[in-house]
1. Here is a check on your reading of the model: is Gly83 modelled with pLDDT of 95 or more, under 25 Å from Ile287 (Cα atoms), in contact with a helix residue (DSSP H, G or I) (Cβ under 8 Å, 6 or more places away or on another chain) and not aromatic (Phe, Trp, Tyr)?
2. Ala206: modelled with pLDDT of 95 or more and either surrounded by 21 or more Cβ atoms within 10 Å (Cβ to Cβ) or touching a Lys or Arg at 6+ places or on another chain (Cβ under 7 Å) (or both), yes or no?
3. Of all residues in the range 170-200 being in a helix (DSSP H, G or I) and at pLDDT 85 or above, which is surrounded by the fewest Cβ atoms within 10 Å (Cβ to Cβ)?
4. Need the failing condition index for Trp308 against (1) buried (at least 20 other Cβ atoms within 10 Å of the Cβ); (2) at pLDDT 90 or above; (3) assigned to a helix (DSSP H, G or I); (4) not polar (S, T, N, Q), just the number.
5. Filter the range 284-295 for residues that are closer than 16 Å to Pro208 by Cβ, surrounded by fewer than 20 Cβ atoms within 10 Å (Cβ to Cβ) and either basic (Lys, Arg) or under 17 Å from the mean Cα position of the chain (by Cα) (or both) and give the result.
6. Do you know which residues across the range 144-173 are on the phi > 0 side of the Ramachandran plot and among the polar types (S, T, N, Q)?
7. Looking at the range 251-268, can you tell me whether even one residue there is under 21 Å from Ala95 (Cα atoms), in contact with a Lys or Arg (Cβ under 9 Å, 6 or more places away or on another chain) and in contact (Cβ under 8 Å) with a residue 40 or more places away in the chain?
8. Quick check on my filter: what residues within the range 135-164 are part of a loop (DSSP other than H, G, I, E, B), of a type outside the set (Val, Ile, Thr) and touching a residue at least 60 places away in the same chain (Cβ under 8 Å)?
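The values are calculated or read from the model by the stated rules, or taken from the named source; none is laboratory data. Keep in mind that this is a model prediction, so the values were computed, not measured. Counting neighbours? That spans all protein chains shown, and the Cβs are built from the backbone with ideal geometry, glycine included.
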Amino acid sequence: MKYSRWLALGALWLCASAAAGGFPDKPIKLVVPLAPGGSTDMVARMLGEKMGQALGQPVIIENRPGAGGSIGSDYVAKSAPDGYSLLMGTIGTLAVTPSLYQSLPYDPDRAFAPISLTTGAQFVLVVNPGVQARTLADLLQQIKQHPGKFNYGSAGNGSTPHLAMELLQQTIQSQITHVPYRGSGPMISALLGGEVQMGMPDLPSALPHIKAGKLVALGVTSTQRSTTAPDIPTLAESGVQGFDVVSWLGILAPAGTPRAVVDTLNRAAVGALKDPAMQARLAESDISVYASTPDEFAAYIQSERKKWDSIVKLSGATIN
């Protein structure tokens, strides 16, 4: 017991030493708990590059996908709390997964030290052009006239596109059949091919297909219109009052990371997010900057978790 206590004290001393000075003195790993190629991976790589320049050490991106993001999250949760292993957290991993999964290998309320909220992107309600609807009102009329005829695709059971559609159904009091796919890419392919009639992908992924006329946008999910596609109304403008869903990201460290290290990482992240060149690149993909303090990010996670907990329960979605 005494030996274990001395080991724990030694680990704390090492963390304190890192906080006192010299951090970082080696490369930092930023874990993305999703497959490469998506918008989360893109934002992580952009942030990693800029943060590395500010910190004087490279920030290496490591993709650890699987189990709705819980595999990568668990890896970081169990890493040394020294600031060298970070998590690119998402709305799914931080706000949805704790309510969706019956059990997780880590405690989502105690496993992480938030560093900064980073970015956010809207979702967009889209239909295949074969659906004779060009406004939300058109679509709702058809759904009511033909109950049981319409279906929607999602990125998987319990994914944010699934739960956002469930929230929409609860609000408009309509029933649309859910067809889950294995990720956003297959969902969009199904939309393009007419396998499903509608869905709610994130706007950056859907926008090229909208501009090409291969998908029809009926409304974005935040309270403000998109800056890159201002002709698409918000769902609130289209009659779904109070609808506000944003796909957000943020950086976290393992719980127990010294506050001085957290603050150093926060300064690097916020500085990267305020870089005009990076903001311009993000804006091209319709991604908004949401820089924050660690405490602001912690409060935001809790508010989002409360919101999505009720939506998950109403949807009936669960994963063992």
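1. No; evaluated as a whole, the condition is false for this residue.
2. No: the conditions fail for Ala206.
3. Of everything passing the filter in the range 170-200, Gly193 is surrounded by the fewest Cβ atoms within 10 Å (Cβ to Cβ).
4. (2)
5. Ser285
6. Within the range 144-173, just Gln173 meets the criteria.
7. So far as the range 251-268 goes, yes, one or more of its residues are under 21 Å from Ala95 (Cα atoms), in contact with a Lys or Arg (Cβ under 9 Å, 6 or more places away or on another chain) and in contact (Cβ under 8 Å) with a residue 40 or more places away in the chain.
8. Scanning the range 135-164 gives Gly156, Asn157, Gly158, Ser159.
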